[in-house]
Amino acid sequence: MLSKLALSGIKSRLKDYLVLFSGLIVAAATFYMFMALATNQDFLGKNSMIGAANTSIVFIFGAILLAIITLVYLVYANSFLLNMRQRDYGMFMMLGAKTSKIAQLIFMETFVLGTVATLVGSLIGTGLAQIVAQLLVQQLGLKLQHFNAFYLPAFLITIAFFIVLFILAAIWNSRKLIKAPVLKLLHSADQPARMAVKTGRLAVQAILGVILLAVGYWAMAAIKQLQLLAIPVALVTIVLGSYFTFNATFIWIIQFLKKNKNFALKGLRNFTLSQLSFRIHDYTRMLAMISILFALALGAITVGLGFRNDMSAVTSASTPYDLKLYTTNQAIDQQVAKLNTTSKTAYSFKKVGKKYYYNIAEFEKTPMYYMHYSGSTGEITLPTLQRYQAKDYQNVKQDSPAFDSAYRELRVDDNYEDLPNYAFVDQTKFDQVTAPTKQVVLIRVKDFGKDRQRIGKIESLQAQALPAYKEILSNSKYASAMMATALYSGMIFMGFFLGISFLAMLASCLMFKILSGAYSDVRRYDMLNKMGTRSQVLRRSVAKEIGILYALPGALGVIHVLFGLQLFKILMVNPYHGIWLPFLIFIVLYGLYYWITVLLYRGIVIPKVEIDK
Amino acid sequence: MTENVVAVQHLVKTYGKGNEKKFTALKDVNFTVQNGEFVGIMGASGSGKTTLLNILSTLDKPTSGNVLINNQDITQLKNNQMADFRGREIGFIFQDFNLLENLTAAENIALPLSLQNVAPKEIQPKVAAIAKRLSIENVLDHYPTELSGGQKQRVAAARALVHQPAILFGDEPTGALDSNSARELLETMDSLNREDQVSILLVTHDPFSASYCQRILFIKDGEIGQELRRGDRNRADFYQEILDNLGTFAE
Ligand SMILES: Nc1ncnc2c1ncn2[C@@H]1O[C@H](COP(=O)(O)OP(=O)(O)OP(=O)(O)O)[C@@H](O)[C@H]1O
Ligand SMILES: [Mg+2]
């Protein structure tokens, strides 16, 4: 009988259960996807620039973080479940149901819900991992080795981890509901915490918070001096700094706005402010945590995409020329014609024995491009593209940089073990050398990325035509591009994956934290409705309240990332290059979560006006 | 001038739409409340009192019939107009319609004015005036949890009246109060009615509360069955008559 009642309770709240259930599925799927990476040593070893051992540390660190977030997340999801159910269970108790029976029911409900969600989540995680991997491979042109969407150890870890947590949650729920007095279950409206604001203390907190943040940001920028110490220092100071700044500024701003009657006494503003201040203590801790997670997630995506920029930067720095033609035939010509060429220069040479002869006049006419290294220390810097001038080829020694680089670019040989042996001669001398004149054509294209595949094809056509000279191709731009892709793919993939997993978790945490407060808000919104508040005004108030709760940690998180990218100066060319893209992706996803939260919240609290005429 | 503040004609309310099970809570209700009158509505549980009040206060729509409040036909209003109408013309005190516990008493009272976009500098004097009238001026900075049940209902009354609505509705406002607080609240309502000409419609099944009214309508099975007038009698006599009447009316 009781279980029938319990089931009917679930039916009447089907929508909320679906939200909870899908939230749990997202958590399990994310956790699984992350574990599928973190526990796959083969994958990590093959795809990382910093070695399997180091990558493992990054991932273990990430896994611990994710486990903590998941734990927090489950606590919030669980309190959402409790809030949703306590009235029902309170009622059963009023009707005289035995507490032991109720405890059993709650235990079963939590446990079954959790287990089913975990199983479904892991399966969905497998599918998602496959899709995400494929998408990344296609969209970013990545190469992944040893990546398995289904990875048994990850599967087992996920299931074990979640089931243990759900057993704990189930025990917690059943004890909590049984211990609470029935009346409290029936009228569990939150009590307001009167804000005892001590301005002095707030000021001290604010200053302390800012100082801590400054120290943290400095530590990240000073990674060269501090070495590995920078990371723990930054982590501790930024966590504490975020909390203090939030606590102080949040309370102060709300107080300030509430005191400003001209602002507060318009429409529902005072109510919205009170809603925020009502939950302030609850939220500041949470928001500080979210801001850190936000920074980690956004940082991971930014760094992932940053590696992608690096990949093309490193490639384009390898040589000024995109393609070197040392032989030709009809098929090759056809392909070359289709390239989006910006410059195409032919240089002639004659070869006598092992010695190459080049015509200086040709170089004076069209000087060559070269990569200029400014040679600074520490930070990774890229060489810049420069061009020699005609005078660089006049009256200089044979081993001058200009001749050296010309020889390096133009040499066409079947044996690169030999030492350089070349001579740059004037037109008359060149004509006197008795050997057939050969040509090398150097091509620069508009966008190497776009023509990459065609260039690869031309190179293999050349290799087919002249197999003996294959070695020329081994240090072409195309070859470096392939190497860079292999090198960076793993890092990009991991960055993306970490970022998206963290985002999914943190946003769901925030969502459930906010939604679990919704049930105690139903009465408030009902009152406002009775007092004659238009429903769009109520809806706007919800959007604003939740908007602030989303925006604050987001904004602080963005600041964290902007400073945190300093850390990656030692790994990347320019961590700030093109950061608008990851920021945009991230903000869109985060905004999506915000919107879903608003819709769900409205579904719970906005009274429906009954019109049945 | 005896104009009607409320006029109800042939009001019908049937619950259950489409092929759901139908239940007619109000069959054919007709009555008026005059400006400045204090009217009570009594009836057994389930007789349709709350249903009637919800319709009068535009929280629910009638199935058929006309309802004029302050000469405006509220059955013709759209959603936003309904909300605006509620905010402007109606004040509420309900048994469980307490205060927003995250706002202080003063902020609670100010809310209806803010919602009507009254200029902030005009709000405070109005709040102060109504608080003085209801003798709650020294608890204005308290949060609802820091108020007694009686104080809470007086704050609720202040909030219901601060924007000078056309009529004050009460649905068992004394239901959760001890007898002293209940008496205090009723006396306050009585004096508001006499001295400030506030029109009041009070739903109750407590004969003592009802004895403060000038006129009582008895509702039974969705219809107004009987009407009692106090006239010039004192309250004790009227109370006795209500008790006698309940005995016969219930049969
Ligand atoms: N939303 C609804 N759907 C269907 N029936 C309803 C609904 N609301 C009320 N009723 C029915 O209408 C009738 C009148 O209900 P109403 O709440 O008006 O009674 P009441 O006189 O206020 O009773 P009480 O003194 O117990 O508050 C009851 O029989 C009730 O079951
Ligand atoms: Mg009722």
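Note the per residue figure in Å³ for the convex hull of the C-alpha positions in segment B:1-101. Before the final figure, lay out the partial values.
Working: hull volume 14.3 nm³, N = 101.
About 141 Å³ per residue, rounded to a whole number.
With r defined as the distance between the Cβ atoms of A:HIS577 and A:VAL537 and R0 fixed at 56 Å, what FRET efficiency is calculated, to the nearest 0.05? Can you show the working numbers first?
On the way: r = 45 Å, r/R0 = 0.80.
So the FRET efficiency works out to roughly 0.80.
How crowded by other chains is B:81-91, given as the mean number of beta carbons from other chains within 10 Å of each beta carbon?
4
Two decimals, Cα atoms only, Kirkwood Rh: what is Rg/Rh over segment B:157-251?
On the way: Rg = 13.7 Å, Rh = 14.2 Å.
Result for segment B:157-251 is an Rg/Rh of 0.96.
Say the dipole of chain B comes from +1 at the beta carbon of Lys and Arg and -1 at that of Asp and Glu; which of B:LEU186, B:THR63, B:HIS205 then lies farthest toward its positive end?
B:THR63
Based on Cβ point charges of +1 for Lys and Arg and -1 for Asp and Glu, what charge dipole magnitude is obtained for segment A:521-563 about its Cα centre, in debye rounded to the nearest 20? Please report the intermediate quantities before stating the final value.
Details: 7 positive and 3 negative charges, 52 e Å.
I would put it at about 240 debye.
How about A:LYS176: which lysines have a C-alpha closer than 27 Å to its C-alpha, ignoring those fewer than 8 places off in the same chain?
Straight-line reach from A:LYS176, under 27 Å: A:LYS4, A:LYS11, A:LYS15, A:LYS98, A:LYS101, A:LYS184, A:LYS513.
Once Lys and Arg get +1 and Asp and Glu get -1 on their Cβ, which of A:GLN432, A:ASN475, A:VAL445 lies farthest toward the positive end of the dipole of segment A:320-475?
Result: A:VAL445.
Multiplying the sequence separation of A:ASP404 and A:GLU471 by 0.36 nm and subtracting their Cα-Cα distance, what value in nm do you get?
Values: separation 67, 0.36 × 67 = 24.12 nm, distance 1.91 nm.
Going from the current span to full extension adds 22.2 nm.
Within segment A:339-419, list the GluC sites (Glu not before Pro) lying in a DSSP loop whose Cβ has at most 13 other Cβ atoms in a 10 Å radius.
Details: sites: A:GLU362, A:GLU364, A:GLU379, A:GLU409, A:GLU417; in loops: A:GLU379, A:GLU417.
Qualifying residues, ordered by number: A:GLU379, A:GLU417.
Using a cut-off of under 14 Å, list every residue of segment B:59-81 whose amide N is near the label point 7 Å from the Cα of B:THR24 along the Cα-to-beta-carbon line.
B:63-65
Can you list the residues, at least 5 places off or on another chain, whose amide H is less than 5 Å from the amide H of B:LEU26, using H built in the peptide plane?
So B:LEU26 has HN proximity to B:LYS13.
Can you pull out the trypsin sites (Lys or Arg not before Pro) in segment A:53-122 whose DSSP state is coil and whose Cβ has at most 16 other Cβ atoms within 10 Å? Don't jump to the answer; show the numbers that get you there.
Working: sites: A:ARG85, A:ARG87, A:LYS98, A:LYS101; in loops: A:LYS98.
Hits after loop and neighbour filter: A:LYS98.
Under 37 °C and 0.692 mPa s, how fast does segment A:421-498 diffuse according to Stokes-Einstein, given a Kirkwood radius computed over C-alpha pairs? Answer in µm²/s, whole number. List each step's numbers first, then the result.
Working: Rh = 16.1 Å.
My calculation gives 204 µm²/s for D.
Rounded if a/c is under 1.5, else prolate if a/b is larger than b/c, else oblate: which is chain B, with a ≥ b ≥ c the root eigenvalues of its Cα gyration tensor? Write out the running numbers ahead of the final one.
Details: a/c = 1.71, a/b = 1.25, b/c = 1.37.
Verdict is oblate for chain B.
Given charges of +1 on the Cβ of Lys and Arg and -1 on the Cβ of Asp and Glu, with all other atoms neutral, how large is the dipole of segment B:107-251 about its Cα centre, in debye to the nearest 20?
On the way: 15 positive and 22 negative charges, 105 e Å.
In total the dipole reaches around 500 debye.
In segment A:421-505, what trypsin sites (Lys or Arg not before Pro) fall in a loop by DSSP, with at most 15 other Cβ atoms inside 10 Å?
Values: sites: A:LYS429, A:LYS438, A:ARG444, A:LYS446, A:LYS450, A:ARG452, A:ARG454, A:LYS457, A:LYS470, A:LYS477; in loops: A:LYS446.
When the trypsin sites (Lys or Arg not before Pro) of segment A:421-505 are filtered for loop state and at most 15 Cβ neighbours within 10 Å, A:LYS446 remain.
Name the aspartates and glutamates eligible as straight-distance cross-link partners of A:LYS569: C-alpha to C-alpha under 20 Å, and not fewer than 8 places from it in the same chain.
A:ASP310, A:GLU379
Name the residue from A:MET220, A:MET84, A:ILE102 whose Cα lies farthest towards the positive end of the charge dipole of the protein assembly as shown, charges +1 on Cβ of Lys and Arg and -1 on Cβ of Asp and Glu.
It is A:MET220.
First check a/c for segment A:320-475, with a ≥ b ≥ c the square roots of the eigenvalues of its C-alpha gyration tensor; if it is under 1.5, answer rounded, and if not, answer prolate when a/b is larger than b/c or oblate otherwise. Write down the numbers at each step before the final one.
Details: a/c = 1.57, a/b = 1.08, b/c = 1.45.
It comes out oblate by the Cα gyration axes.
Compute the longest continuous run of chain A that contains no exposed chymotrypsin sites (Phe, Trp or Tyr not before Pro); treat a site as exposed when its DSSP state is not H, G, I, E or B and it has at most 13 other Cβ atoms within 10 Å. Let's see the in-between values first.
Working: sites that count: A:TYR373, A:TYR416.
With chymotrypsin sites (Phe, Trp or Tyr not before Pro) excluded where exposed in loops, chain A gives A:1-372 as its longest stretch.
Given R₀ = 22 Å, FRET efficiency for A:VAL116-A:ILE596 by Cβ-Cβ distance, to 0.05? Intermediate results must be reported in sequence, preceding the final value.
Values: r = 22 Å, r/R0 = 0.99.
E(calc), rounded to 0.05, equals 0.50.
Would you compute, from DSSP H runs of 4+ residues alone, the mean residue ellipticity of chain B at 222 nm, taking -39500 (n - 2.57) per run and dividing by the full residue count, rounded to the nearest 500? If you can, show how the numbers build up before the last one.
Numbers: 8 runs with 94 residues, N = 251.
Using -39500 (n - 2.57) per qualifying helix, the result is -11500 deg cm²/dmol.
Compute the distance from the alpha-carbon center of segment A:103-172 to that of segment B:73-140, in whole Å.
Comparing the Cα centres of segment A:103-172 and segment B:73-140, I get a distance of 51 Å.
Taking the Cα centre of segment A:320-475 as the origin, how large is its charge dipole in debye, to the nearest 20, when only Lys and Arg (+1) and Asp and Glu (-1) carry charge on their Cβ atoms?
Value, rounded to 20: 400 debye.
Which three extents, in angstrom, do the Cα atoms of chain A have along their principal axes, listed largest first?
Dimensions of chain A along the principal axes of its Cα atoms: 113, 56, 54 Å.
Using only DSSP helix segments of four residues or longer, with each worth -39500 (n - 2.57), what per-residue ellipticity at 222 nm results for chain A after dividing by its residue count and rounding to 500?
On the way: 22 runs with 429 residues, N = 613.
That comes out to -24000 deg cm²/dmol.
Computed from the coordinates by the stated procedures, all read-outs in this text should not be read as laboratory data. Here the structure is a predicted model, which is why all the values come from computation and not from measurement. Here Cβ is always computed from backbone atoms with ideal geometry, including for glycine, and neighbour counts include all displayed protein chains.
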